[in-house]
Amino acid sequence: MGTKAIYPQSIRNVTIIGDPDETTRVVHRLFHRFAGSGSGTVHWVTGRVDHTIHIAELSSHAPIAELERSIRVADGVIAVVNTAVRSTPRLETILRVADDHQVARLCLMTGLDHPAADFDRCVHTIAETRGAVPLTLQIPIGIGTDFEGVIDLVPMWALEPMAAEFYGSHWKVAEQWYRKLVATVMEQDAADSLGLRVIPPEQLHERIRCRTRIGDAVPVLCDAAPWSDDIAPLLDAIVRYLPSPLHVCQPEHALDH
């Protein structure tokens, strides 16, 4: 049997950084459900295209010098953010280092079912950290003991009106977050002329991808655990928004490897 060709543009090399307990849970779910034949590799299909995702894991408690080097040579970074932890100096360090070296990054919010969880505070922390603007792509349905899952904002209008009835008051909150997302990634005149309901998701994906890859924006996703074990939205976001090796133009990568 012949070896299947892997095209460079379909490869993603990502480093997941956060508290060891949090990153281990995320990585375990990725590998348990979607692991490829190689260690640290996940095969995923988005838009009918096969992608190969190479995943490395790094503790946010590592020495600053190690954190900086690992982020500097990464094609893309996923910062795992525990929403129940009030002080997050290492998160701010990770985002600043990624900004210094123009490394694309995502943020994954975890612990949303914890009584001390505060989603808005974490988004505000990202916004206040020098560098990229947070793009909230998912919001929690409830928080703490009331947490019941997440709403995906980009495709939300395809679910209306059934979803509006299903989500109740959470739908109005989702509309507000969606308007903020559109205002951030699109020209305001274009958004006004098209109308919220007819902006194609593909157009939003493209705008988010462009801003993420140049380091202007940080997509924010929510971990649905323990309400759901669905990790597919994270894999879709990795493929859609983080760069392939062909799109990473950092000379230090070649020097460090």
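The values are calculated or read from the model by the stated rules, or taken from the named source; none is laboratory data. Values in this document were obtained by computation on a predicted structure and should not be read as measured data. Glycine also receives a Cβ, built like all others from the backbone with ideal geometry; neighbour counts cover every protein chain displayed. The area values use the complete protein model at the heavy-atom level, side chains included, leaving out ligands, DNA and RNA. Shrake-Rupley method; radii C 1.70, N 1.55, O 1.52, S 1.80 Å.
With +1 on the Cβ of every Lys and Arg and -1 on the Cβ of every Asp and Glu, and nothing else charged, how large is the dipole of the chain about its Cα centre, in debye rounded to the nearest 20?
Magnitude of the dipole: close to 460 debye.
For segment 45-74 and segment 147-170, what is the separation of their Cα centres, given in Å?
31 Å
Report the residue, chosen from D236, D113, D75, that carries the largest GNM mean-square fluctuation when the chain is represented by alpha-carbon nodes joined by springs under 10 Å.
D236
Using a Gaussian network model of the chain whose springs link C-alpha atoms within less than 10 Å, name the residue from E57, E128, E68 with the highest mean-square fluctuation.
E128
Could you please state how large a percent of the accessible area of the chain is carbon and sulfur, counting protein chains only and using a 1.4 Å probe?
Numbers: 6820 of 12680 Å².
Ligands and nucleic acids excluded, carbon and sulfur give 54 percent.
Which of E92, E160, E148 moves most in a GNM of the chain, Cα contacts under 10 Å?
Evaluated over the chain, the most mobile residue of the options is E160.
For the chain, what does -39500 (n - 2.57) per DSSP helix run (n ≥ 4), summed and divided by total residues, give at 222 nm, in deg cm²/dmol to the nearest 500?
For the chain, the value works out to -12000 deg cm²/dmol.
For a test of the definition: using alpha carbon positions, the gyration tensor, and the 1.5 limit on a/c, classify segment 103-157 as rounded, prolate or oblate.
Taking the square roots of the gyration eigenvalues as a ≥ b ≥ c, segment 103-157 is oblate.
Over the chain, with the other protein chains present, what is the accessible area per residue in square angstrom, probe 1.4 angstrom?
49 Å²
Lys and Arg at +1, Asp and Glu at -1: add these up for the other residues within a Cβ distance under 15 Å of T212 and post the number. Walk me through the intermediate numbers first.
Values: positive: R12, R105, R207, R209, R211, R213, R240; negative: D75, D99, E206, D216, D236.
Net charge in that neighbourhood comes out at +2.
Please compute the contact order of the chain in relative form: average sequence separation of alpha-carbon pairs under 8 Å and at least six residues apart, divided by the residue count, as a percent. Provide the component values of the computation, followed by the final result.
On the way: 428 pairs, mean separation 58.4, N = 257.
The normalised contact order for the chain reaches 23 percent.
Residue farthest toward the positive end of the dipole of the chain, with Cβ of Lys/Arg at +1 and Asp/Glu at -1: which of V26, L242, P134?
L242
With a 1.4 Å probe and all protein chains kept in place, how much accessible area does M162 have, in Å² rounded to the nearest 10?
Rounded to the nearest 10, the figure is 140 Å².
Would the chain count as rounded, prolate or oblate if I go by the C-alpha gyration tensor, calling it rounded below 1.5 in a/c and otherwise prolate when a/b exceeds b/c, oblate otherwise?
Details: a/c = 1.41, a/b = 1.27, b/c = 1.12.
Verdict is rounded for the chain.
Normalised by the number of residues in segment 13-155, what is the relative contact order in percent for Cα pairs under 8 Å and 6+ residues apart?
The normalised contact order for segment 13-155 reaches 20 percent.
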